[in-house]
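For reference, the structure discussed in these notes is given below.
The values are calculated or read from the model by the stated rules, or taken from the named source; none is laboratory data. Everything numeric here is computed off the predicted structure, so don't read it as measured data. Backbone-built Cβ (ideal geometry, glycine too); neighbour counts: all protein chains shown.
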Amino acid sequence: MRGFALGCEAAAASDQWRANKTHNPPASARSGWGRLLLDEMFAACQSVGPMLSLRGPLDPLQRRRLELNIALMRMYVWLIFAWTAYAIDISPAGKLDRAGHIKGHDFAHFYVLGQIANDRSGEELYSFEQQATRMDRLVPEYQNRFLPVYGPQVAMLFAPLARLPYTIAVACWLAATVIIYGTCCYAIWRMLPALHRYRWESFAVCAAFPPFYSLVASGHITALPLACCTAAFFAFRAKRELAAGFLLGLLFLKPALGLILPFVFFYNRAWRLIAGAMIAVLLQLAAAALLFGVDVLASYWNVVTQLGATAGLLEPHPYEMHSLRSFFSILLPWPRAALVAYVISAALVVWLALAVWRTDKPHEIRYSVLLIAMVLVDPHVNAYDLVIIAPALLVSVAVAVVDASPSSRALLWLVYAVYFFPALPAIAEYTRIQASVPMLVAIVYWLHRRNCNVTAGLKPRHYTTRNGVVAGL
């Protein structure tokens with residue numbers, strides 16, 4: 001995202017340079033990294049001209065494309081390396097990858113839950129021993145086992161896939177994950193005209209997003225909350241609040257993600273949103289009670305109330321987590337002090353989200369703040385859960401491009417940091433600082449202070465190329 005963000009910044013600066021018909025770049029690009037970046041890019045553009053068999057200097061269309069793609073080189077390297085390594089890792093036939101792990105990792109747990117739903121064995125949903133026995137039958141040579149913490153509706157959701165052989169089921173699920181993520185990113189990108197000129201660059205940035213790679217590699221279910229949040233945004237934007245509330249109520253699949261929603265809804269007296277969310281939750285609980293019996297709801301409640309005691313088992317590597325709770329748990333050696341700091345900071349983030357939600361800012365900005373706040377307040381956020389904020393990062397880049405103020409450069413750097421830090425857990429392990437968390441808070445604060453109509457975007461510019469063809473960029 002750094003290359004994409006800085007490429008957008010450089011492109012905007014070069015536009016202003018040419019529009020003013022002067023040989024001096026704007027003030028924002030005359031100092032520091034802006035000047036170095038522009039000088040390097042323009043030199044590269046002129047040097048590659050002969051290799052492309054071009055006569056004379058590059059026209060504005062070709063220059064901008066080269067500028068942006070030079071800035072994106074590091075991201076392209078990561079994109080090719082990460083997905084090539086993943087393809088090699090899962091290439092062996094059978095259930096195990098080259099490292100000896102089961103393909104899909106976490107999906108194996110949901111596959112077992114689906115088997116339990118097909119057998120209607122409600123007593124096994126929250127029995128670690130019985131689920132471990134099923135896992136032994138599925139893949140005896142794989143030693144990892146999972147704590148039973150998910151709601152009964154999750155087991156019902158995966159019941160159809162559990163009827164298939166595991167290798168086919170995991171392939172179907174990973175394909176669905178890619179389709180859901182790509183559809184959500186495309187839907188958000190499409191409503192941001194400021195990014196339309198960067199079609200393929202935007203695609204590459206979304207494909208290289210490290211949390212997306214982690215999501216596919218782990219086989220987790222966070223694509224479903226992403227779909228719910230994205231669909232709810234468009235429903236809310238269309239002023240269909242009941243439907244938006246219903247879609248957000250489906251986050252009960254991962255209830256910790258929705259911790260902030262009651263505060264936002266009740267504070268704003270959004271009764272239709274509340275009604276829609278309650279309908280979704282009640283339907284999920286009713287369906288589970290009909291399939292497994294009422295006792296399974298009591299068992300699920302007991303598991304939820306004991307999550308605090310099992311948090312250490314759920315988070316064996318806290319430096320890989322990205323929430324306010326994990327930030328203070330690895331920063332402070334005193335558990336009670338860390339808990340107090342988490343509660344206070346979460347309250348401040350909730351206050352910021354409420355403050356933004358009550359304003360007349362565009363829906364895109366308000367919803368981006370809500371998505372980031374949801375992740376920060378959630379006490380359990382793995383790297384793959386950060387795909388939830390992919391729409392918010394796209395909106396943030398569009399805001400910075402449209403805003404075009406000196407402070408927008410800070411927002412671009414914040415987006416870059418949040419983009420790549422999930423791929424660098426070793427930094428948090430050795431420094432005891434999960435830098436992605438304060439960066440997310442800073443993005444929320446920046447969006448709180450600024451107002452920008454990102455859907456208006458930038459008007460497309462048209463250039464006449466050397467062949468007389470009019471091209472838009």
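With respect to the stated conditions, Thr177 fails to be free of Cβ contacts under 8 Å to residues at least 40 places away in the same chain and either assigned to a strand (DSSP E or B) or within 26 Å of Phe212 (Cβ to Cβ) (or both).
Counting only residues that are closer than 24 Å to Thr84 by Cα, touching a residue at least 12 places away in the same chain (Cβ under 8 Å) and either among the aliphatic types (A, V, I, L, M) or surrounded by fewer than 14 Cβ atoms within 10 Å (Cβ to Cβ) (or both), segment 195-208 holds 4 of them.
Checked against (1) crowded, with 20+ Cβ neighbours inside 10 Å; (2) in a helix (DSSP H, G or I); (3) touching a residue at least 60 places away in the same chain (Cβ under 8 Å), Thr167 meets all criteria but (1).
Selection of helices (runs of 4 or more DSSP H) fully inside segment 325-442 by the criterion of at least 1 residues being among the basic types (Lys, Arg) and over 22 Å from Ala217 (Cβ atoms) returns 335-357, 363-377, 408-420.
Of all residues in segment 90-108, which are of a type outside the set (S, T, N, Q) and without any contact (Cβ under 8 Å) to a residue 40 or more places away in the chain? Residues satisfying the conditions are Ile90, Pro92, Ala93, Asp97, Arg98, Ala99.
Here Leu192 meets the list (1) within 16 Å of Thr230 (Cβ to Cβ); (2) in contact (Cβ under 8 Å) with a residue 24 or more places away in the chain; (3) under 14 Å from the mean Cα position of the chain (by Cα) almost entirely, failing just condition (3). Specify which of the listed residues (Leu224, Leu215) is under 23 Å from Ala155 (Cα atoms), in contact (Cβ under 8 Å) with a residue 40 or more places away in the chain and surrounded by fewer than 20 Cβ atoms within 10 Å (Cβ to Cβ). Being under 23 Å from Ala155 (Cα atoms), in contact (Cβ under 8 Å) with a residue 40 or more places away in the chain and surrounded by fewer than 20 Cβ atoms within 10 Å (Cβ to Cβ) holds for just one of Leu224, Leu215, which is Leu224. Within the option set Glu123, Glu201, being among the charged types (D, E, K, R), modelled with pLDDT under 95 and more than 30 Å from Ala398 (Cα to Cα) holds for one residue only, Glu123. Only one of the numbered conditions (1) surrounded by fewer than 20 Cβ atoms within 10 Å (Cβ to Cβ); (2) more than 25 Å from Gly114 (Cα to Cα); (3) free of Cβ contacts under 8 Å to residues at least 40 places away in the same chain is violated by Trp301, and that is (2).
Just one of the listed residues (Asp378, Asp385, Asp403) is of a type in the set (Asp, Glu) and under 10 Å from the mean Cα position of the chain (by Cα), and it is Asp385. Among the candidates Ala256, Ala243, the residue that is of a type in the set (Gly, Ala, Ser), outside any loop (DSSP other than H, G, I, E, B) and within 23 Å of Asn382 (Cα to Cα) is uniquely Ala256. Output the residues belonging to segment 340-360 that are surrounded by 16 or more Cβ atoms within 10 Å (Cβ to Cβ) and farther than 19 Å from Tyr267 by Cα. Across segment 340-360, the qualifying residues are Ala341, Tyr342.
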